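Notes for the one structure printed next.
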Amino acid sequence: MHIPDGYLSPATCAVLYTGAAPFWYVALRRVRKALHTRLVPLISLFAAFSFVIMMFNLPLPGGTTGHAVGIGLAAVVLGPWAAMLAVSIAIVIQALFFGDGGITAIGANCFNMAIAGALVAYAVYRILAGRAAIGSARRVMAAGLAGYVAINVSALLAAIEFGIQPLLYRDATGAPLYCPYPLSVAIPAMMLGHLTIAGFAELTVSAGVVAFLQRSDPSLLKTTAGRGAALAEPAAGRAMRPLWAGLGALLLLTPLGILATGSAWGEWMARDFSNPAVQHEIAATSFQQAAPLRAPEGLARLSQIWTAPFARYAPPYIRSAAFGYLLSAMFGAGLIVLACLTVGRLFGRKEPAT
Amino acid sequence: MKLLDGHGGFLERTIEGMHAGLERAVAAEHSAAGGGLLQRLDARVKVVGLLSLILAAALATRLWVIAAVFALAVVLAVLSRVPLRVLAARAWIGALAFTGAIAVPALFLTPGVALYRLPGLHWTVTAQGLTTASYLLLRVITAATLALLLEFTTPWVQVLKALRVFRIPVVFVAILGMASRYILLLLETAHEMFESRKSRSVGALEGAERRRMAVGSAGVLLSRTFQLSGDVYLAMQARGFRGEVHLLDDFAMKRLDWLALAGFAALAAAAVWAGR
């Protein structure tokens, strides 16, 4: 993820230094205003922490390990402006003293990870966390996804920077002068690793540390929690009440489905192919491409394997279509709630006995 | 019963990584205190000179010019008593392994004049592919060598103070200086945390439990960081800190420094001119 020297042209590096500079300026002004004399020790210490966290090897599902950058965590704990300063400082020190990332590419690395990463992580976290209580599971999920999305946006930016090099810089023989791979290679190559290993490392560290802080030091999560967030989780029953009410309303509204005529595109049954009305409907919704007169052999064979008890949301023994819809919705929603409760019971963390 | 985290496990790798980081910092400080050519120069001259050589290598569009800058970097390393094995271990091997893996497919994927067809695989090495892979490898290895020279011939604090020549705000330089010092402290703290955890753990843990342990350690470190930040802030206030940052500027240019600056400027300008 840290771009070394030599991969980007000096012009690209200059553009990215120029792009990063206003963000650094605004971040410094905002953070200085908010922290005043605390600015220097807080950002210094958090930059040091960001540096160390990048050295953690995180065990990931599937037996592999990965490194996180900690962008999501920094944005959740410090807010976007202080996070971009702290992570930028860590990136500068890595480049100058540890050979990790290039010196000419400091602007690019800071722009991708510290600036874009911190802003994206903060936006995702605030949108997903909403006004949930600081100790809520929703904040853990929001922090994890913030880290995951942020590292992938950073990787995408880096891939675009790599991918435009061969378009812009070639020598007299046509050989690329810097990163040799075009966008069509650079983007999939970068994203493959980041959507999987690096993304999950970032998700793990962001979600895991936020969950840890909820139990051990929830005050650290207050900075970015928004005004409405309370430190304590509201009583579980009360918090869930609006969700149950919403689910009930949706169940009651399910008979609206019978107002729609025809069938959804691509959800045809084997017998629909021999029905002239459905044939006509398929052709009308498929750019006048006529459907075969008989159901495809594979579809006909596979459709015999399983017959749903509530086919088309209307069990044959119920005469009222509206009641059939309602019954199907209650049965389906009940099954999902049951499955969630079972999974929660199997994998959920047990509260320690007091 | 096997150990918690066998050889090559995440605990070992994290400890090794942190140990390598600490060891590198100590080696760099030790080397920077030596009596070689670059060690005798003003930090500002080294920062400006070595960075302009990195820039010249980045700008060059001729392979021989980048190779010449690389050769110059090696000569500077020898004159500065930075052993070649240190360069190889800390810059070249890593750069060759990482960038080599990235550069090799370019041999076959870059369209151009066919040079050689791999028997059996029917992959064709093109002249343009060979050139672009050489550009990438040479630039990376040259920049890595020059960056390592700066690190191994100049104490960290001086490098950071020398950044002021680029008009970087003094508060940034102060934060960089403090962060670099506390990195060593936090690295040591994290290293000790993992070592102690490893030494008192027996039995195999499942993946989820190991993840919980790693993020728990990160959480503890984060709490300690904030606690330390508060302590440092109080200590700074007790010593009269009121938000204004002042740096002691103890640099003084000598004749050798001016000569070296002229030399760096001439070499970088020549490389940019020849490599255009």
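Looking at B:Phe108, is it aromatic (Phe, Trp, Tyr), in contact (Cβ under 8 Å) with a residue 12 or more places away in the chain, part of a helix (DSSP H, G or I) and more than 21 Å from A:Tyr181 (Cβ to Cβ)? Answer is no for this residue. Restricting attention to region B:185-192, does a residue exist that is more than 9 Å from chain A (Cβ to nearest Cβ), in a helix (DSSP H, G or I) and of a type in the set (A, V, I, L, M, F, W, C)? No, region B:185-192 has no match at all. Tell me whether region B:200-215 contains one or more residues that are in a helix (DSSP H, G or I) and in contact (Cβ under 8 Å) with a residue 24 or more places away in the chain. Yes.
Taken together, the criteria place B:Ala218 among residues that are surrounded by 13 or more Cβ atoms within 10 Å (Cβ to Cβ) and within 30 Å of A:Leu42 (Cβ to Cβ). The number of residues in region A:18-34 that are more than 15 Å from A:Val87 (Cα to Cα) and surrounded by 13 or more Cβ atoms within 10 Å (Cβ to Cβ) comes to 4. Within region B:122-131, is there a residue that is at pLDDT 85 or above, away from every other protein chain (no Cβ under 14 Å) and more than 20 Å from B:Trp64 (Cβ to Cβ)? Yes, there is a match, as at least one residue in region B:122-131 is at pLDDT 85 or above, away from every other protein chain (no Cβ under 14 Å) and more than 20 Å from B:Trp64 (Cβ to Cβ). Answer yes or no as to whether A:Ala245 is over 30 Å from B:Gly219 (Cβ atoms), surrounded by fewer than 13 Cβ atoms within 10 Å (Cβ to Cβ), among the hydrophobic types (A, V, I, L, M, F, W, C) and at pLDDT 65 or above. In short, yes. When B:Gly94 is tested against (1) more than 21 Å from the chain's Cα centre (by Cα); (2) within 8 Å of chain A (Cβ to nearest Cβ), exactly one condition is not met: (1). Kindly indicate whether any position in region A:198-206 is at pLDDT below 85, away from chain B (no Cβ under 13 Å), surrounded by 22 or more Cβ atoms within 10 Å (Cβ to Cβ) and within 30 Å of B:Met213 (Cβ to Cβ). Scanning region A:198-206 turns up at least one residue that is at pLDDT below 85, away from chain B (no Cβ under 13 Å), surrounded by 22 or more Cβ atoms within 10 Å (Cβ to Cβ) and within 30 Å of B:Met213 (Cβ to Cβ). Is one or more of the residues making up region A:164-171 farther than 28 Å from A:Val76 by Cβ, of a type in the set (D, E, K, R) and touching a helix residue (DSSP H, G or I) at 6+ places or on another chain (Cβ under 8 Å)? Among the residues of region A:164-171, at least one is farther than 28 Å from A:Val76 by Cβ, of a type in the set (D, E, K, R) and touching a helix residue (DSSP H, G or I) at 6+ places or on another chain (Cβ under 8 Å), which makes the answer yes. Taking region A:1-23 as the range and being more than 20 Å from A:Gly70 (Cα to Cα) and part of a helix (DSSP H, G or I) as the test, the residues that pass are A:Pro10, A:Ala11, A:Thr12, A:Cys13, A:Ala14, A:Val15, A:Leu16, A:Tyr17, A:Thr18, A:Gly19, A:Ala21, A:Pro22.
The selection criterion, being in a helix (DSSP H, G or I) and crowded, with 20+ Cβ neighbours inside 10 Å, does not hold for B:Gly94.
In region B:1-84, counting only helices (runs of 4 or more DSSP H) that sit wholly within it, the ones holding 3 or more residues that are at pLDDT 85 or above, within 10 Å of another protein chain (Cβ to nearest Cβ) and in contact with a Phe, Trp or Tyr (Cβ under 9 Å, 6 or more places away or on another chain) span B:43-59. May I ask you to verify whether B:Glu195 is more than 10 Å from chain A (Cβ to nearest Cβ) and either acidic (Asp, Glu) or buried (at least 19 other Cβ atoms within 10 Å of the Cβ) (or both)? The answer is yes for B:Glu195.
Scanning region B:96-103 for residues that are closer than 20 Å to B:Ala270 by Cα and without any contact (Cβ under 8 Å) to a residue 24 or more places away in the chain turns up nothing.
In region B:216-245, the residue that is farthest from the other protein chains (Cβ to nearest Cβ) out of those that are of a type in the set (Lys, Arg) and outside any helix (DSSP H, G or I) is B:Arg239. For region B:106-121, taking the residues that are at the interface with chain A (Cβ under 9 Å from one of its Cβ atoms) and surrounded by fewer than 14 Cβ atoms within 10 Å (Cβ to Cβ), the one that is nearest to the chain's Cα centre (by Cα) is identified as B:Pro111. Going by the structure shown, is A:Ala129 over 20 Å from A:Leu221 (Cβ atoms), buried (at least 20 other Cβ atoms within 10 Å of the Cβ), within 18 Å of the chain's Cα centre (by Cα) and in contact (Cβ under 8 Å) with a residue 12 or more places away in the chain? So A:Ala129 does not fit the description; no.
Tell me, please, whether a residue that is charged (D, E, K, R) and without any contact (Cβ under 8 Å) to a residue 40 or more places away in the chain can be found in region B:114-136. Taking every residue of region B:114-136 in turn, at least one turns out to be charged (D, E, K, R) and without any contact (Cβ under 8 Å) to a residue 40 or more places away in the chain. Where helices (runs of 4 or more DSSP H) fall entirely within region A:24-137, those with at least 1 residues that are modelled with pLDDT of 90 or more and more than 10 Å from every other protein chain (Cβ to nearest Cβ) are at A:71-78, A:80-97, A:106-109, A:117-129.
Restricted to region A:210-225, and to residues there that are facing chain B (nearest Cβ under 8 Å) and within 22 Å of the chain's Cα centre (by Cα), the residue that is modelled with the highest pLDDT is A:Ala211.
The values are calculated or read from the model by the stated rules, or taken from the named source; none is laboratory data. The model shown is predicted, which means the values in this text are computed figures rather than measured ones. Reconstructed Cβ throughout: ideal geometry from the backbone, glycine too, with neighbour counts over all protein chains shown.
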